[in-house]
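The block underneath contains the structure these notes are about, expressed in C-alpha cells.
The values are calculated or read from the model by the stated rules, or taken from the named source; none is laboratory data. Remember, predicted model here, so these are calculated numbers, not experimental data. Backbone-built Cβ (ideal geometry, glycine too); neighbour counts: all protein chains shown. Heads up: the accessible areas ignore ligands, DNA and RNA and are worked out on the full protein's heavy atoms, side chains in. Shrake-Rupley method; radii C 1.70, N 1.55, O 1.52, S 1.80 Å.
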Amino acid sequence: MSADRETLAVYDGASDRYAKRGGADWDYAALDAFLARLPAGARILDLGCGPGHLSAVMAERGMAPDPVDASAGMVALTRENFGLPARQAKFDEIDGDAVYDAVWANFSLLHAPRAEMPGHLERLARALRPGGLIHLGMKVGEGEGRDGLNRFYTYWRVEELQAALEAAGFAVDAEVRRGRGKGLDGAPFAWCLVTGRLAE
C-alpha cells in the first residue's frame with residue numbers, strides 16, 4: 001500500500017481547513033533548530049508538505065525546499081498560496097541519489113504501514129547527500145489503525161523509530177522532542193520528533 005485512498009480523500013477534501021489551522025498550530029522551534037544545522041541554500045525534501053506553510057518558511061530562511069505531497073489538494077494549495085513548485089508523489093515514488101541536504105518528514109510517514117517503513121527510509125537515505133539530516137514527526141503508540149476521519153495511521157514507540165532509522169544508516173540524535181496535540185479529527189494524541197544524520 002504505497003498510499004491509502006481513504007486517507008488521501010480526507011486531505012483532498014479538507015485541504016482548505018487544514019491550511020487554516022496548520023500555520024497557527026505549529027510550534028516552529030523544531031523547524032528553527034533543524035534549519036540552524038543546515039548550510040544556506042540547503043536543498044530540503046519537504047515530504048508530505050501539506051498546505052506548504054513550512055516549505056514557505058524554509059524558502060524565507062534562504063533554503064531550497066522541494067515540497068512533495070501525495071494529496072493533489074495540498075499540492076495545489078502550496079502552489080497557489082506560496083508560489084512554490086510543489087509536486088505530487090507518493091512515498092515510494094521518491095527517487096534520486098544524493099540530491100538533498102535534508103529530509104523534513106513532519107507527520108507524514110505516520111501514514112505508511114509499518115512493514116513499508118524500512119523501504120521508505122532506505123529510499124530517503126539514498127536521496128540524501130553524505131552527512132544529510134532527516135527529521136521525523138510521528139504519533140506515539142502501538143499498532144496501526146484509522147482515526148475518526150478514516151485516515152490510516154501507524155503508531156510508533158520512540159525506541160522502535162530510532163532503531164528503524166539506525167537500520168537505514170542514520171546516527172540518531174539523543175535528544176527527542178515529545179508532546180501532545182489534537183488532530184484534525186479533534187482527538188488528542190502523543191507525538192515525538194526524532195532527528196538523525198546520515199554517515200559522511
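With one equal scatterer per alpha carbon and no solvent term, the Debye-computed log10 I(q)/I(0) for the chain at 0.14 1/Å reads -0.76. Could you please report the charge total around V176, scoring K, R as +1 and D, E as -1 over all other residues with beta-carbon less than 12 angstrom from its beta-carbon? Summing Lys/Arg as +1 and Asp/Glu as -1 gives 0. Once the C-beta distance of A9 and D97 is scaled by a Förster radius of 41 Å, the resulting FRET efficiency is 0.80 to the nearest 0.05. Using a simple spin-label model with pseudo-atoms 7 Å out from Cα toward Cβ, R157 and E60 lie 4.0 nm apart.
Counted over the range 66-200, the DSSP beta bridges are approximately 70% antiparallel. Ordered by 1.4 Å accessible area with all protein chains kept, W191, W156 run largest first as W191, W156. If you sort the three axes of the alpha carbon gyration tensor as a ≥ b ≥ c, you get a/c of 1.5 or more for the range 86-128 and a/b above b/c, which makes it prolate.
Per-residue SASA remark: R87, around 90 Å² accessible (1.4 Å probe; ligands, DNA and RNA not included).
The relative contact order of the chain, computed from alpha carbon pairs under 8 Å that lie at least 6 residues apart in sequence, is 19 percent.
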